[in-house]
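Written below as structure tokens is the structure these notes are about.
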Amino acid sequence: MKSKAAVRRIIEGLKLLYPDALCSLNYRKDYELLFAVRLSAQCTDARVNLVTPELFARFPTLEAFAAASYEDVGEVIRSCGFYNTKARDLVECAKILVSQYGGRVPDTMEALTALPGVGRKTANLILGDVYGQSAYVCDTHCIRITGRLGITDGSTDPLRVERQLRERIPGKESSNFCHRMVLHGRALCMARKPNCAACPLRGDCDYGKAQP
């Protein structure tokens, strides 16, 4: 297991590399982040950011989403892929948020994951970014990089990785840490050809130290 000192060095190193640990999805309202994350499934954040301005202009409120047809929403989000399923989830989610939560995005894991199309990854993002709770967003970047670093045991199971991170990454650092994992995965620690030679975390990285 990675020592606490090494984990702290990694956290601080990531802060130097990526001081602005922000979600790459653009949004103004809480539910817009929830919907943007749903659209990002098997789609790039860049593509979602191209689609959401038109989407949120055409349906400017939760009530507008709730009253929309699947077809009308799907027409706008077609380029995000799997648009029929995503459109249905957005409309049905809006209906629940309006009827059961007074238009407010809920602030518990249980309530969030009961919404259409919302899993633990999305729920953790909302809990961390919107409500400031300890939240561990275990996407592909986070799973891959924490395994390479040796913070986790290399498991690819998101829930197992989340549990291990909860034991090793302080809650106050959790949300920003996971955002920095995404940034690091795009900049240096790519899936196929990680640039270990240029990575300042290499001294504390199990994978990096093993490279020639």
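The values are calculated or read from the model by the stated rules, or taken from the named source; none is laboratory data. Keep in mind the model is a prediction, meaning the values are calculated, not measured. Neighbour counts are summed over all protein chains in view; Cβ atoms, including those assigned to glycine, are modelled from backbone coordinates with ideal geometry.
Structure data summary
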| quantity | calculated |
| --- | --- |
| Checking SER69 against (1) surrounded by fewer than 16 Cβ atoms within 10 Å (Cβ to Cβ); (2) within 23 Å of LEU127 (Cα to Cα), the condition it does not meet | (2) |
| Set LYS15, LYS2, LYS95, LYS86: member being closer than 30 Å to ASP206 by Cα and assigned to a helix (DSSP H, G or I) | LYS15 |
| Region 189-201, residues that are within 18 Å of ASP45 (Cβ to Cβ) and free of Cβ contacts under 8 Å to residues at least 12 places away in the same chain | MET190 |
| Selection status of ARG9, touching a residue at least 24 places away in the same chain (Cβ under 8 Å) and in the same structural domain as MET181 (by TED's automatic domain parsing) | yes |
| Scan of region 33-59 for residues that are of a type in the set (Gly, Ala, Ser), in a helix (DSSP H, G or I) and closer than 14 Å to LYS121 by Cβ, ordered by number | ALA36 |
| Filter result for the condition that a residue is under 30 Å from ASP153 (Cα atoms), surrounded by fewer than 20 Cβ atoms within 10 Å (Cβ to Cβ), under 12 Å from the mean Cα position of the chain (by Cα) and free of Cβ contacts under 8 Å to residues at least 40 places away in the same chain, over THR108, THR44, THR140 | THR44 |
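A quick yes/no check of all residues on (1) free of Cβ contacts under 8 Å to residues at least 60 places away in the same chain; (2) assigned by TED's automatic domain parsing to the domain that holds ARG166; (3) more than 21 Å from SER175 (Cα to Cα):
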| residue | (1), (2), (3) |
| --- | --- |
| LEU16 | no, yes, no |
| LEU39 | yes, no, no |
| VAL73 | yes, no, yes |
| SER79 | yes, no, yes |
| LYS86 | yes, no, yes |
